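Below is one structure, written out as structure tokens; comments come after it.
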Amino acid sequence: MMPTSKGFTLVETLVAIAILMIAIVGPFYSIQQAITSSYTSRDQLIATSLAQEGAEYIYFVRDNNFLTPGNTWTQGMDNCMVAAHPNGCTVDPTLIANALQPCNSACPVLNLNSSSQYTQGAGAPSRFTRTLKIAPVPGHPEAILVTSQVTWTTNHQVFTTAATENLYNWL
């Protein structure tokens, strides 16, 4: 009579370990992908808001020009005109004066201050860079095309979003 073994063979153990690894690694990979997607979505939302804020600031400048006697409707936008400054400009809506500054080469990153505002002033550097460009609309002498573009990096991947608006001299 031959003795019977009551343990697992090496092959059975390796198969069991492989099945456990697949069962454990799959959910961890899914969780990692979900976290990466949530970070990317968060940054996309912030960047879209920053781009829209840049375009709306140009609306503010135009509307303020209408209310100031003697101003042309595009006064103060010279730093962002593509013809004069091909690299565009940066905007800091937290400033009252000189909010539109030309970018010499590339626009600087926005800083996040202690009030959780994105600004060109004091604060911790963020991952976002906003560039505004203003160009004439072909065939419409009383219109300008405003492009507010935000670029950022999440998980070593560069993303870009933009808000584009046509502004008109409606007076």
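The values are calculated or read from the model by the stated rules, or taken from the named source; none is laboratory data. Keep in mind the model is a prediction, meaning the values are calculated, not measured. Glycine also receives a Cβ, built like all others from the backbone with ideal geometry; neighbour counts cover every protein chain displayed. Only protein heavy atoms, including side chains, enter the accessible area calculation; ligands, DNA and RNA are left aside. Shrake-Rupley method; radii C 1.70, N 1.55, O 1.52, S 1.80 Å.
Some notes on this structure:
- Pairs, first basic (Lys, Arg) in segment 131-145, second in a strand (DSSP E or B), C-beta under 7 Å, six or more apart: Lys133/Thr147
- Looking only at residues in segment 124-136 that are of a type in the set (Val, Ile, Thr) and farther than 20 Å from Ile96 by Cα, the one that is most open to solvent (accessible area, probe 1.4 Å) is Thr129.
- Residue identified as under 30 Å from Ile134 (Cα atoms) and either out of contact with any Pro (no Cβ under 6 Å at 6 or more places or on another chain) or open to solvent by less than 50 Å² (accessible area, probe 1.4 Å) (or both) among Ala16, Ala23, Ala55: Ala55
- Restricting Thr13, Thr48 to residues that are assigned to a helix (DSSP H, G or I) and over 30 Å from Ala163 (Cβ atoms) narrows the list to Thr13.
- Filter result (among the aliphatic types (A, V, I, L, M) and either more than 20 Å from Asn104 (Cβ to Cβ) or in contact with a His (Cβ under 7 Å, 6 or more places away or on another chain) (or both)) within segment 116-164: Ala122, Ala124, Val137, Ala143, Ile144, Leu145, Val146, Val158, Ala162, Ala163
- Against the list (1) open to solvent by less than 30 Å² (accessible area, probe 1.4 Å); (2) free of Cβ contacts under 8 Å to residues at least 60 places away in the same chain; (3) not acidic (Asp, Glu), the condition Pro69 fails is (1).
- The residue of segment 98-123 that is nearest to Pro86 (Cα to Cα), among those that are open to solvent by 60 Å² or more (accessible area, probe 1.4 Å) and either among the aliphatic types (A, V, I, L, M) or touching a residue at least 24 places away in the same chain (Cβ under 8 Å) (or both), is Ala106.
- Selection of segment 138-161 for residues being in a strand (DSSP E or B), open to solvent by 30 Å² or more (accessible area, probe 1.4 Å) and not hydroxyl-bearing (Ser, Thr, Tyr) yields His140, Pro141, Glu142, Leu145, Gln149, Gln157, Val158, Phe159.
- Leading residue by the ranking (surrounded by the most Cβ atoms within 10 Å (Cβ to Cβ)) among those in segment 83-97 that are farther than 17 Å from Val150 by Cβ and hydrophobic (A, V, I, L, M, F, W, C): Leu95
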